[in-house]
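Undergrad: This structure is in structure tokens; I'll ask about it shortly.
The values are calculated or read from the model by the stated rules, or taken from the named source; none is laboratory data. Model, not experiment: these values are computed from the prediction. Glycine gets a Cβ as well: all are built from the backbone with ideal geometry, and neighbour counts include every protein chain shown. These accessible areas exclude ligands, DNA and RNA; they are computed on the full protein's heavy atoms, side chains included. Shrake-Rupley method; radii C 1.70, N 1.55, O 1.52, S 1.80 Å.
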Amino acid sequence: MVSTLETRQTVEEVSGDYKYGFVTDIEMVKAPKGLNEDVIKFISAKKKEPEWLLEWRLKAYKKWLTMEEPDWPMLDYKKPDFQDIYYYAAPKSADDRPKSLDEVDPELLKTYEKLGISLQEQEVLSGVAVDIVFDSVSVATTFREALKKRGVIFCSISEAAQDYPELMKKYLGSVVPAADNFYATLNSAVFTDGTFVYIPKGVRCPMELSTYFRINEANTGQFERTLIIADEGSYVSYLEGCTAPMRDENQLHAAVVELIILDDAEIKYSTVQNWYPGNKDGVGGIFNFVTKRAACRGKNSKVSWTQVETGSAITWKYPSCLLIGDGSVGEFYSVAITNNYQQADTGTKMIHIGKNTSSTIISKGISAGKAQNIYRGLVKVMPNAENTRNFTQCDSLLIGDECGAHTVPYIEAKNPTAQLEHEATTSKISEEQLFYCLQRGLDVEEAVSLIVNGFCKEVMMQLPMEFAVEAQKLLGISLEGSVG
Amino acid sequence: MTMLEIKNLHVEVAGQKILKGLNLTINPGEVHAIMGPNGAGKSTLAYAICGKEGYEITEGSVTFKGKNFLELTANERAGEGVFLGFQYPVEIPGVSNMNFLKAAINSLRKYRGEDDMAAVDFLKLIRAKAEELEMKPEMLKRAVNVGFSGGEKKRNEMVQMAMLEPIFSVLDETDSGLDIDALRIVADGINRMRSPEKSILVITHYQRLLDYVVPDFVHVLANGKIVKTGDKSLALELEKNGYAGLGIDENAA
Ligand SMILES: Nc1ncnc2c1ncn2[C@@H]1O[C@H](COP(=O)(O)OP(=O)(O)OP(=O)(O)O)[C@@H](O)[C@H]1O
Ligand SMILES: [Mg+2]
């Protein structure tokens, strides 16, 4: 599985450049700049949404107006000017709902090919179904008919609002309430597109589902919303990937992801996040402020979050698990790389509510350049949660002397039967390791990439094969120039 | 052409003068042994040949097959065919022996302008080499040197050498920590590397290894220089009389 070879080749090919940094020139439809009720109505109308959803948005907006931007993360950044952002931008050609690939604007298809995602090929070869979100709209969803035959719903969330109102009404905002936190509330007011998945009872989704998010337009924010429901006894593996053009200004990405897992069901959710991280001097890059939460409502339900975070100027993200059903299981596997001036404050929350629930947290933070990497995690055991277990392991790897790694674990155990274990290490790539690799013929970048991939192995192993290769390449690329 | 020519080599580590005018010439096909008291600078010499960072060459030259070696980086020197069997092999967590060697082989091939080795060929080769050195196949899947016993680490170095097929190997105390059977297995491995085109420099404290791997020359390194050179009988003599017998104060390396 380890593909140091490809890593190396890619490292050479791109030689330090963010290769996803180009801009697609395409005619766009935008909402007027700034945020007010009219803009929200504009978005809702564009999406031909039912009335209840518009009301839901407006309620969230009113709540948001009363909220303050949080400043507890250990992050240092200039707060966005919310009136200087476009909240809706979509290719004109995507004015109607997503269609079959043949009808998609060729300019868009080219964009994805350039990003290494050949939609046609994906459809034929790899058997991964993809939902493609370009700025504010979903422009294509592959394999949807094949999936429908098995009862699996895989579509954009805008379509779901029209076609599956019962499911949407029942579950939207049921895990991350509209008033949850500053950025989640903003998202509830202005979310544009994202993916909706429903796996019916007893169905094992026959293929990997994925969404590819692309920010293209300048001065836009991307506010996507993903909702996945795994009904009793079902299983799905879902992947998301993301990129954006290189720009000197910071762009905001504030997403909400909600997962609902019923009795004996399982969701495996993997992310490879590669938003533009800004340049070497810390100019530009994406602000990635994301709320991701899974509710394990059923007994013996299971959720597994795996994330490889290499991009973004700032990441603020804590995929969480509400372990409600007895015997439910939450897992969090994370690799967060920060280089140059990148900052990441990321971790997870495991809330043990049901009996015999268990959770595992494996976090690998890698810091290079002048970057700061913070693991922030909460393990909470509620009074009625008998016999819960948590294992947490946080490892930090430092490359160079100017970067930092911090671990902030919070533990609140209100039930004495809880068994909680926590391990943390901080290490450096040693001169001895580097020389050992060089003596065997590897060059410095190959050596760093190999050592870092080894450091992250427990997390990388959790990724589906296609993603693992991609993620390994990214590790190598994002650390370029960090040594020697 | 000479394999390795070291002239008047002066090396400083952390501002400390370790090697002070060392001369050594090794021809293709020759096996040389270096002995000497602890702290004499034997490993320092090995590192200086292989280009380790922090080993500052303040004077002198190292020429390998006619090339000025001091101009090359450590991985380029490896590419030229130099292998170092480490006195203290390094652990690389999470990277399997197998993947490490695959990366190494393909880097060396790339340096020499060759294509990557086919995965099937690689597997065949590594299985064969592991068997020759009586290393259990499971060890190949384990992370490089992590949790290996002292002797297993040394044997692992030999598997790497056998895989990478260097033309010049420096083996820094590869015999320390080996049990009696392992010593013979490793010695056989070294002898398989002997050929008219290849040379070996073994650094050792014991005559034992030299019974199996018979050297053409034995040198004694002390006070930062080669102070005596002889044939294999010099090792026997040292074993009997110690360095004091040569008039070398063991404490004043
Ligand atoms: N990084 C360093 N800082 C300071 N002194 C060093 C450093 N590296 C090596 N030395 C010193 O250089 C001298 C030579 O060390 P070296 O490892 O080459 O000896 P050696 O001959 O290989 O000894 P041994 O037989 O014990 O392996 C020693 O005195 C050692 O302490
Ligand atoms: Mg030594």
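Undergrad: In region B:146-169, which residues are assigned to a helix (DSSP H, G or I), more than 16 Å from ligand 2 (Cβ to nearest atom) and out of contact with any Leu (no Cβ under 7 Å at 6 or more places or on another chain)?
TA: Passing the criteria: B:152, B:156, B:161.
Undergrad: Could you check residue B:53 against (1) under 18 Å from the mean Cα position of the chain (by Cα); (2) within 16 Å of ligand 2 (Cβ to nearest atom); (3) surrounded by fewer than 18 Cβ atoms within 10 Å (Cβ to Cβ); (4) within 14 Å of chain A (Cβ to nearest Cβ) and say which number it fails?
TA: (2)
Undergrad: Considering only region B:3-50, give the strands (runs of 3 or more DSSP E) lying wholly within it that have at least 3 residues that are surrounded by 14 or more Cβ atoms within 10 Å (Cβ to Cβ) and free of Cβ contacts under 8 Å to residues at least 24 places away in the same chain.
TA: It comes to none.
Undergrad: In addition: For the condition modelled with pLDDT of 65 or more and surrounded by 17 or more Cβ atoms within 10 Å (Cβ to Cβ), what is the one hit in A:48, A:63, A:41?
TA: Result of the check over A:48, A:63, A:41: A:63.
Undergrad: Among all residue pairs at least 6 apart or on different chains, which show Cβ distances below 8 Å where the first residue, located in region A:146-166, is open to solvent by 10 Å² or more (accessible area, probe 1.4 Å) and the second is among the small types (Gly, Ala, Ser) and in a helix (DSSP H, G or I)?
TA: A:153/A:160
Undergrad: Being more than 15 Å from ligand 2 (Cβ to nearest atom), hydrophobic (A, V, I, L, M, F, W, C) and more than 12 Å from the chain's Cα centre (by Cα): is that true of residue B:82 here?
TA: no
Undergrad: I would also like to ask the following. Within region A:272-281, does at least one residue satisfy the condition of being farther than 18 Å from residue A:373 by Cα and of a type outside the set (D, E, K, R)?
TA: no
Undergrad: Checking residue B:141 against (1) under 18 Å from residue A:432 (Cβ atoms); (2) within 13 Å of another protein chain (Cβ to nearest Cβ), which test does it fail?
TA: The one condition residue B:141 does not meet is (1).
Undergrad: Exactly one of (1) among the acidic types (Asp, Glu); (2) at pLDDT 85 or above; (3) over 21 Å from residue A:362 (Cβ atoms) is unmet by residue A:395. Its number?
TA: (3)
Undergrad: For a quick check of your reading of the model, give me the residue pairs whose first member lies in region B:71-84 and is assigned to a helix (DSSP H, G or I), whose second is acidic (Asp, Glu), with beta-carbon atoms closer than 6 Å and at least 6 apart or on different chains.
TA: Here the result reads B:75/A:443, each pair linking region B:71-84 to a residue that is acidic (Asp, Glu).
Undergrad: Among the numbered criteria (1) in contact with a strand residue (DSSP E or B) (Cβ under 9 Å, 6 or more places away or on another chain); (2) at pLDDT below 90; (3) closer than 25 Å to residue A:319 by Cβ, which one does residue A:429 miss?
TA: (3)
Undergrad: Pairs, please: C-beta under 7 Å, at least 6 apart or cross-chain, first residue in contact (Cβ under 8 Å) with a residue 60 or more places away in the chain and small (Gly, Ala, Ser) and in region B:165-186, second open to solvent by less than 10 Å² (accessible area, probe 1.4 Å) and outside any helix (DSSP H, G or I)?
TA: Going by the 7 Å Cβ cut-off, the qualifying pairs are B:169/B:83; B:169/B:85; B:169/B:200.
Undergrad: So, one more: Please specify each residue of region B:80-104 satisfying the condition of being more than 7 Å from chain A (Cβ to nearest Cβ), open to solvent by 10 Å² or more (accessible area, probe 1.4 Å) and closer than 21 Å to residue B:122 by Cα.
TA: B:80, B:96, B:98, B:102, listed by residue number.
Undergrad: Looking at region B:138-169, which of the residues that are within 16 Å of ligand 1 (Cβ to nearest atom) and over 13 Å from residue A:440 (Cβ atoms) is nearest to the chain's Cα centre (by Cα)?
TA: Ranking the qualifying residues of region B:138-169, first place goes to B:154.
Undergrad: Which residues, counting only those in region A:321-362, are within 19 Å of residue A:288 (Cα to Cα) and either open to solvent by 10 Å² or more (accessible area, probe 1.4 Å) or outside any strand (DSSP E or B) (or both)?
TA: Result: A:333, A:339, A:340, A:341, A:342, A:343, A:349.
Undergrad: Ok, one more. Take the residues in region B:98-118 that are of a type outside the set (A, V, I, L, M, F, W, C) and touching a residue at least 24 places away in the same chain (Cβ under 8 Å); name whichever of them is nearest to residue A:434 (Cα to Cα).
TA: It comes out as B:107.
Undergrad: State all residues of region A:302-320 that are open to solvent by 10 Å² or more (accessible area, probe 1.4 Å) and in contact with a Leu (Cβ under 9 Å, 6 or more places away or on another chain); if no residue qualifies, say none.
TA: Listed by number, the residues that qualify are A:316, A:318.
Undergrad: Residues to consider are B:21, B:29, B:41; find the one that is away from chain A (no Cβ under 12 Å) and more than 16 Å from ligand 1 (Cβ to nearest atom).
TA: Just one listed residue meets the conditions, B:29.
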